[in-house]
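The values are calculated or read from the model by the stated rules, or taken from the named source; none is laboratory data. As the structure is a prediction and not an experimental result, all values here were calculated from the model. A quick note on method: Cβ atoms are made from the backbone with ideal geometry, for glycine too, and the neighbour counts reach across all protein chains shown.
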Amino acid sequence: MRSDHATFPLPGKVNWLFLDMNSYFASCEQQAEPRLRGKPVAVVPMMTDATCAIAASYEAKAFGIKTGTKIYDAKRMCPELICVPARHDLYVDYHQQFLKAIDRHIPVTEVKSIDEVACELDKVQQNPDVAVQLARDIKRTIYRDVGEAIRCSIGLSTNGLLAKIATDLQKPDGLVTLMPQDAPGILGKKPLTFIPGIGPGMEKRLLRAGIYTLADLYRLDMKHMRKIWGGVVGERYWYALRGVELPTDPVQKRVVGHSHVLDPEWRPVALAEVVARRLLLKAASRMRRYDMDATRLTLSMRMENTPYSQGARYAIEAHFHRACDNIQLIRHLQHLWHEMVRHHRITR
């Protein structure tokens, strides 16, 4: 990768504002239903203890409940937990509302997901003091026009990666400016997976190379970064962690997936569906870290003791317009699962 294609940060300037809605699905429910405010809330795909949480309010997170937590475990962790069924239309409606609120102050450059947006700053807004005031104004407008339960964290930096990382440094309702020269000291003790795009697999590779914290990662030179990542991606991370704005890398065709061999007690169809949802949520989380959308979902399994398919592998696909949020993906999974059950006449 040629460095002359990169935009190096100007001293004392910020180029990007990144906005991340806090506990978005749960916050939407609390805004729509005032009785839920201040209460531990879990958003679920269906009202059964056999399912898992799609999202959790901060009150629920205080008990250790998070996306993917099984509801029967969550209720043991927090007996006062209130479960509410997911309402995708509601979340889309609030999404449109907060986009309008942001647009009153600055154009949205890119919608990253249903709860994340990035805005490129103009020459005046690149002054950090001006950018901070802009962020405060956006927060006030969201509070006034969208709702008091809808909160966001805003990060400011010289490139999109550091601005996104800044949103994770202060939640909920955070506002953080993360300058490249300060990043090694602020991030040094954070785990490797604090960086978007570094998942469990990449973390293992870094650990094998003797890299245990972000401080270790910052000490690497570009050559070693490239070697560990096995290519230009490592070089891009070296630049990005130092606040350099890189040209967009063409997205390569990729598949993100998870699989699991079920223990016998998890093979009844209702319990197997719970596992399938958890696998989907894990895959969706990885996909968002890669800044990707899905246009196809494949459900694959090996069937046992069905009338027509003993020991056979079965796969079914759904094709759709771009999606990356949990609610839409789980809806597609439910459709595939019900079609699979119907096709194979599974009753238990």
message: Going by what's in this entry, would Y91 be described as over 30 Å from N127 (Cα atoms) and surrounded by fewer than 19 Cβ atoms within 10 Å (Cβ to Cβ)?
response: no
Tabulated pairs, region 144-168, first over 18 Å from I106 (Cβ atoms), second of a type in the set (D, E) and outside any loop (DSSP other than H, G, I, E, B), C-beta under 9 angstrom, 6+ apart or interchain: A149/E29; D168/D20
query: Just for helices (runs of 4 or more DSSP H) wholly inside region 10-112: which have at least 3 residues that are touching an Asp or Glu at 6+ places or on another chain (Cβ under 8 Å) and under 27 Å from A283 (Cβ atoms)?
result: 71-77, 88-103
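Within region 47-54, can one find any residue that is at negative phi, under 16 Å from the mean Cα position of the chain (by Cα) and outside the structural domain of I150 (by TED's automatic domain parsing)? It would help to see each step written out before you state the result.
First, the residues of region 47-54 that are at negative phi: 47-54.
Applying the additional criterion that residues be under 16 Å from the mean Cα position of the chain (by Cα) yields 53-54.
This time we only want the ones that are outside the structural domain of I150 (by TED's automatic domain parsing), so: 53-54.
Within region 47-54, one or more residues are at negative phi, under 16 Å from the mean Cα position of the chain (by Cα) and outside the structural domain of I150 (by TED's automatic domain parsing).
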query: Can V108 be described as surrounded by fewer than 21 Cβ atoms within 10 Å (Cβ to Cβ) and free of Cβ contacts under 8 Å to residues at least 12 places away in the same chain?
result: yes
- line: If we take region 121-228, then helices (runs of 4 or more DSSP H) inside it with 2 or more residues that are of a type in the set (V, I, T) are 128-145, 160-167
Hits in region 55-86 - residues which are closer than 16 Å to E33 by Cβ, modelled with pLDDT of 95 or more and aliphatic (A, V, I, L, M): A56, A60, L81, I82, V84
